[in-house]
Each structure stands twice: as C-alpha cells, then as structure tokens.
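In what follows, a single structure is set out as structure tokens and then discussed.
The values are calculated or read from the model by the stated rules, or taken from the named source; none is laboratory data. The structure displayed is predicted, hence computed values, not measured ones. Methodologically, a virtual Cβ is constructed for each residue, glycine included, from the backbone with ideal geometry; neighbour enumeration extends over all protein chains shown.
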Amino acid sequence: MQEPEPASQSISYPIYMSSTYQYADDLYDQVVAGERREVNIYARCGNPTEYRFEEQMCRLEGAYSCLATASGMAAIAVTLFGLLKTGDHIVADWTTYSTTHEFLLHKLPNFGISTTFVDTSDLEAVERAFKPETKALYFETIANPTMKVANIRALADLAHDRGVVAICDNTFASPAVCRPHVFGADLVVESATKFIGGHNDALGGTITLTPGLLPEGWLEEVRWSTFTKLGGALSPFNAWLLLRGTQTLPVRLEAQARTALEIAQYLQEHSEVEAVWYPGLESHRQHDLALRQFASGGAMLSFKVSDEAVAVRLLKSLQLVAFAASLGGVRSVAQAPATMAFLDLSEAERSQMGVKDGMIRISVGLESPVDLKADLENALTVSAKLET
Ligand SMILES: Cc1ncc(COP(=O)(O)O)c(C=O)c1O
C-alpha cells in the first residue's frame, strides 16, 4: 500500500522532474547540519520519486533500507565499490550475469580487488575459497542462465561465520518469488529493469540492506561516499515507471510463473529438446531447495536443442516470443546466451559457468500459454526441419 502524496493527495506519486531544488527556508542550515537524506538538493544525490520507489522496494524485499540506481549494473558497481578497498577479496559464483562476471574478473583487479570463482552449490568449495582478506560472498538467487538455485541461508551462514558480507543478486527471481534478506543476505542487488519494472521500458537498479554485519546507516553512507561519485543516479521518470511496476509485480509473477511451469513441462516432453532447466520442475536438481525458498519457480527457464545453429534458427522463427536480450517484461523474450549475453566470454569460461551451445533462455511473459506453446512448437519444427 502506498500513501498518497501529502501536498495534493494524489494516489499516483508525482514525477519530480527537477535536477535541482531551491535552498528555501532552513534547507541551507539543515544541509550544513548533515541532514541530507531528508532534504532535496540535487537529483544525482536523490529525488523524491526515487525515495518513494526506495520505500516501496524496502517493503517488497523486507529490507531495512534501499538505494536506487540508474541500472542493475550501477547497483552492483556501487555495492562493490562502496564495500571494498584495495587488497580485499571476493568469493563469487562461477555463474553470474556475464557483465557482472567480467566486472569481477577484469575491472576490479585494476583496483587491487581479486575474486575467486567457485560453484556456490558446493559449500565446501566456498569454505576453501575464503581467505583472511575475503570481504564479500557474491551469488545470484537463480543463476543466469543455468537456473542454478542458491542455498541462501547456508551461504549467508558460511559468510557470517567469517565476518564476510553476503551479497545476492535477486534479478531472476524478483521479490515476488524470493526475498533473500529473509534467508540472511546482507545486501540484495537487483536489476529493476527486469521484473520490477516489468514492461521493458525503463532501466533501473536497487540495493537493499538488512543491518547486522553492516550498520543501519551503511547504504546512506554509500549514497554519499560512492553513489554520488560514480554518478549512476536513477532518473525521476524511470523511478516513477519502476514504482508503477512494483504495484503489479506479485500478480504478474504469479501468472508468469504458472505459464513458465506449463512451458517447461511441454518442453521437457519435446523430442527436439535435450534438457530443460526450471526450478519449478521436479526434475530440477535443486527443486526441493527452490520449494523451501521460493513462492514459485519464477518466470525464467532455459532449455537446450542440439546445437547453436539450431538454437539461432529457432529464435529467428519465433513470432510471438521476441528474439531479444533482457528479460522480466510482460512480453516473452528469448535469447541464446552462449552467443548473445555471454559472447565476450571465452569458451572455457562459458563451460565453467554451464553456459552451453544450443541453450535458449526464455523470460516468460503474460501471453496465453496456448499461444506461447504454439509459437515454440512451430519454431522447434522449423529449426529441426532445416537441420536435416
Ligand atoms: C542477473 C542480472 N543482474 C544484473 C543485470 C544488470 O542489469 P541492468 O541491465 O539493469 O544493468 C542483469 C542484466 O541482464 C542480470 O541479468
């Protein structure tokens, strides 16, 4: 439930389309006294529509505080630069969004921050990877694109035993499917571009915090020490679009997950499909773990056809499902991760991550399941025929 905007009682919160705010009344004295969150100064530091979106995200994620950013990658960069310094070390899952992996592998070493990549479903491997200088354990709730499910409670406990901060990217689940703070994650990062916005029309990101290992004011400190320096502020208009998206998130995800399960079951039975990865399927190797942590199997699934050429032909034959990057919207979208999102990674890295040639990742939208299955059936038939 959102409160109306106090000045007008508008139930749709306004877009404060202003880059700067007048130093009226006692604002100058307030700012000098250090009260910066409660006042509006300049939109790179924050704006009222963004603050309202942050409040809403706190409710959804069950978090203590939130900082919204211009994109998911901005949220990840602000989190890591806010937390880490030269000499620090990260333990991260092998399978994360490709740009996150590249950031950890290629960019952070320039600042003297190193990462050890492990399969976080192997808890002993995680333990072995910890070093005295490890400051963060990084993983995704549902890994992109293999649909590996993180045992968030076990990972957070392992991290906390060592004083290490547990950071979870919740993009593939969204808070309508999983709330990682409930299972002990200290920081949750999310590409709000995806399920939060839900309509493929706005970029945004969020960082949410549960205090414990990190102090209550940590995110607010990071707003001023890091976020305003990197400059990835969320635009007021995008904050408004994302805020609107949060209002339909639970109903969208409920319907999308129902359809995703139906499609996963259909694909599992298809002769042209070699494998299906969907946490809601009993055949998923972590189905029980998914049931313990998730409200549903979510709206993301991957499947494999014989090779990459067949996968690309299939994608090009789709008519209802969009052959496109990104995910999380009301329109179903499919891509071939090996030669799209993960193209810049080496074959060896892709293999470590479980990203296979012939893999197709689908973000299931709100179309009729019957129409989606008909579209997939046609594309599977066309791509298989061309193969022979
Ligand atoms: C799991 C995950 N995290 C983070 C991001 C980055 O989000 P954005 O594109 O909003 O920067 C993505 C983008 O696809 C993603 O899939």
Might you check whether a residue that is touching a residue at least 40 places away in the same chain (Cβ under 8 Å) and within 15 Å of the ligand (Cβ to nearest atom) occurs anywhere in the stretch 308-327?
-> yes
Restricting the stretch 81-96 to residues that are in contact (Cβ under 8 Å) with a residue 60 or more places away in the chain and out of contact with any helix residue (DSSP H, G or I) (no Cβ under 6 Å at 6 or more places or on another chain), the residue that is nearest to the ligand (Cβ to nearest atom) = Thr96
What is the one condition in (1) closer than 20 Å to Phe227 by Cα; (2) surrounded by 16 or more Cβ atoms within 10 Å (Cβ to Cβ) that Leu60 does not satisfy?
-> (1)
Over the stretch 21-54, the set of residues of a type outside the set (Phe, Trp, Tyr) and within 18 Å of the chain's Cα centre (by Cα) is Glu54
Asp93: under 16 Å from Leu345 (Cβ atoms) and of a type in the set (Asp, Glu), yes or no?
-> yes
With respect to the numbered conditions (1) within 16 Å of the ligand (Cβ to nearest atom); (2) under 30 Å from Val126 (Cβ atoms), which one is the sole condition not fulfilled by Phe53?
-> (2)
When the stretch 294-307 is examined, which residues are found to be of a type outside the set (A, V, I, L, M, F, W, C) and more than 16 Å from the ligand (Cβ to nearest atom)?
-> Ser296, Gly297, Lys304, Ser306, Asp307
Looking at the stretch 342-372, which of its residues are crowded, with 18+ Cβ neighbours inside 10 Å and either of a type in the set (Lys, Arg) or in a helix (DSSP H, G or I) (or both)?
-> Arg350, Met353, Lys356, Arg361, Leu372
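For every residue, the table says whether it meets (1) within 15 Å of Leu104 (Cβ to Cβ); (2) in a helix (DSSP H, G or I).
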position	(1), (2)
Pro132	no, no
Lys135	yes, no
Phe139	yes, no
Thr146	no, no
Asp157	no, yes
Ala166	no, no
Phe172	no, no
Pro175	no, no
Residue list for the stretch 333-377, filter: under 21 Å from the mean Cα position of the chain (by Cα) and among the hydroxyl-bearing types (Ser, Thr, Tyr) | Thr339, Ser363
Among Thr141, Thr120, Thr100, which is the only one that is within 16 Å of the ligand (Cβ to nearest atom), at pLDDT 95 or above, hydroxyl-bearing (Ser, Thr, Tyr) and in contact with a Leu (Cβ under 9 Å, 6 or more places away or on another chain)?
-> Thr120
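Go through the stretch 215-227 and count every residue that is buried (at least 18 other Cβ atoms within 10 Å of the Cβ) and either under 18 Å from the mean Cα position of the chain (by Cα) or more than 16 Å from the ligand (Cβ to nearest atom) (or both).
Qualifying residue count for the region: 5.
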Filtering the stretch 8-54 down to residues that are of a type in the set (Ser, Thr, Tyr) and either on the phi > 0 side of the Ramachandran plot or surrounded by 15 or more Cβ atoms within 10 Å (Cβ to Cβ) (or both) yields Tyr13, Tyr16, Tyr21, Thr49, Tyr51
How many of the residues in the stretch 144-163 are modelled with pLDDT of 95 or more, buried (at least 24 other Cβ atoms within 10 Å of the Cβ) and in contact with a Ser or Thr (Cβ under 9 Å, 6 or more places away or on another chain)?
-> 7
With the checklist (1) under 30 Å from Asp122 (Cα atoms); (2) surrounded by fewer than 17 Cβ atoms within 10 Å (Cβ to Cβ) in hand, flag the one item Ala290 doesn't pass.
-> (2)
Hits in the stretch 182-207 (condition: surrounded by fewer than 24 Cβ atoms within 10 Å (Cβ to Cβ) and more than 10 Å from the ligand (Cβ to nearest atom)) | Val182, Phe183, Gly184, His199, Asn200, Asp201
